[in-house]
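The values are calculated or read from the model by the stated rules, or taken from the named source; none is laboratory data. Keep in mind that this is a model prediction, so the values were computed, not measured. Here Cβ is always computed from backbone atoms with ideal geometry, including for glycine, and neighbour counts include all displayed protein chains.
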Amino acid sequence: MKFNKLLIAVGILAMFSTAHTAIANEGVALKHAEISVTDQAQIRRGLTVFTDVCMGCHSATYVTYKDLMDYPEIALTREAVDELRGDHALTEGMRTDLSAEDAKSSYGKVPPDLSVIVNARNGGANYVYSVLTGFEHDPKGRIPDGNYNEYFPGHRIAMPDPLAWLDHEPADTAQLEKDAQDVAAFLAFATDPHQNQRRVIGFWVMGFLLLLTLVLWRLKVEVWKDVKKH
């Protein structure tokens, strides 16, 4: 009886989780971002897009400038980091120069910190990529151009079109999509910068446990072999 109740509870939770995702994306399937959190070149390109475009409004305060040197997936030189950080301390998080007051005046709200945005949004990196390439003309004509986004919940978004996706030239589509995927890769890495290290450790731990299991199994066979004889 308790097991049946547990199954029912899990089913209800799954139903609400699915409903939440559908409501969040209003039935619009997110685009798939071709990213890799182990691809140093892509993560570095994403960092460039983030600092050149996104940091005009957004911060990533959980990522320090020192991290950009220390994480092997980025591994910038000290000279490159010094050029990026300017007057900011090496141990300081990546923070936008846009003040909260100016942000509220311009956009009506303070743009969120993007340090963990990939984990904070349904769809993760796919959500980031989709929103960046989701600026369209409102088919109903109710939301002004630049504020309608196909993938943003409710479709009305305060963030201006950062990559100039709306009405871009067809020849620029591939590059804009690449920029969007690159910054999604950087944010996917930044949201959990130790994920690759954990995977490597996990691989070796599972290998060790498998080997230990084999050794113990052989030991059991040898011990019980003598027992059975008697």
Here is a list: ASP70, ASP113, ASP87. Which entry is assigned by TED's automatic domain parsing to the domain that holds LEU187, farther than 26 Å from VAL37 by Cα and not β-branched (Val, Ile, Thr)? ASP87
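Would it be correct to say that GLU101 is touching a helix residue (DSSP H, G or I) at 6+ places or on another chain (Cβ under 7 Å) and either acidic (Asp, Glu) or modelled with pLDDT under 95 (or both)?
Judged against the criteria, GLU101 is not a match.
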Considering residues that are surrounded by 11 or more Cβ atoms within 10 Å (Cβ to Cβ), outside any helix (DSSP H, G or I) and of a type outside the set (Val, Ile, Thr), the number found within segment 168-222 is 3
Sort out which residues of segment 49-81 are out of contact with any Pro (no Cβ under 9 Å at 6 or more places or on another chain), surrounded by fewer than 15 Cβ atoms within 10 Å (Cβ to Cβ) and within 30 Å of SER106 (Cα to Cα), and write them in order of number. ASP52, THR61
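Within segment 180-190, does at least one residue satisfy the condition of being among the aromatic types (Phe, Trp, Tyr) and without any contact (Cβ under 8 Å) to a residue 24 or more places away in the chain? Outline the logic, then answer.
Here is the first cut: in segment 180-190, the residues among the aromatic types (Phe, Trp, Tyr) are 186, 189.
Among the residues that remain, those that are also without any contact (Cβ under 8 Å) to a residue 24 or more places away in the chain are: none.
No, segment 180-190 contains no residue that is among the aromatic types (Phe, Trp, Tyr) and without any contact (Cβ under 8 Å) to a residue 24 or more places away in the chain.
Looking only at segment 112-137, filter to residues that are in a loop (DSSP other than H, G, I, E, B) and among the small types (Gly, Ala, Ser); which one of those is nearest to LEU176 (Cα to Cα)?
Here the residue is GLY134.
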Note down all Cβ pairs under 8 Å where the first residue falls in segment 72-92 and is farther than 14 Å from ARG44 by Cβ and free of Cβ contacts under 8 Å to residues at least 60 places away in the same chain, the second is of a type in the set (Phe, Trp, Tyr) and crowded, with 16+ Cβ neighbours inside 10 Å, and they're at least six residues apart or on different chains. ARG85/TYR65; HIS88/TYR65; ALA89/TYR65; LEU90/TYR65; THR91/TYR65; GLU92/TYR65
Could you go through segment 142-153 and let me know if any residue there is touching a strand residue (DSSP E or B) at 6+ places or on another chain (Cβ under 6 Å), of a type outside the set (Asp, Glu) and either surrounded by fewer than 16 Cβ atoms within 10 Å (Cβ to Cβ) or assigned to a strand (DSSP E or B) (or both). yes
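Among the residues of segment 93-111, write down those that are outside any loop (DSSP other than H, G, I, E, B), in contact (Cβ under 8 Å) with a residue 12 or more places away in the chain and not small (Gly, Ala, Ser).
Of everything in segment 93-111, those that are outside any loop (DSSP other than H, G, I, E, B), in contact (Cβ under 8 Å) with a residue 12 or more places away in the chain and not small (Gly, Ala, Ser) turn out to be MET94, TYR107.
Here are THR91, THR96: which of them is β-branched (Val, Ile, Thr) and surrounded by 16 or more Cβ atoms within 10 Å (Cβ to Cβ)?
THR96
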Kindly establish whether HIS58 is assigned to a loop (DSSP other than H, G, I, E, B), at pLDDT 95 or above and more than 19 Å from the chain's Cα centre (by Cα). no
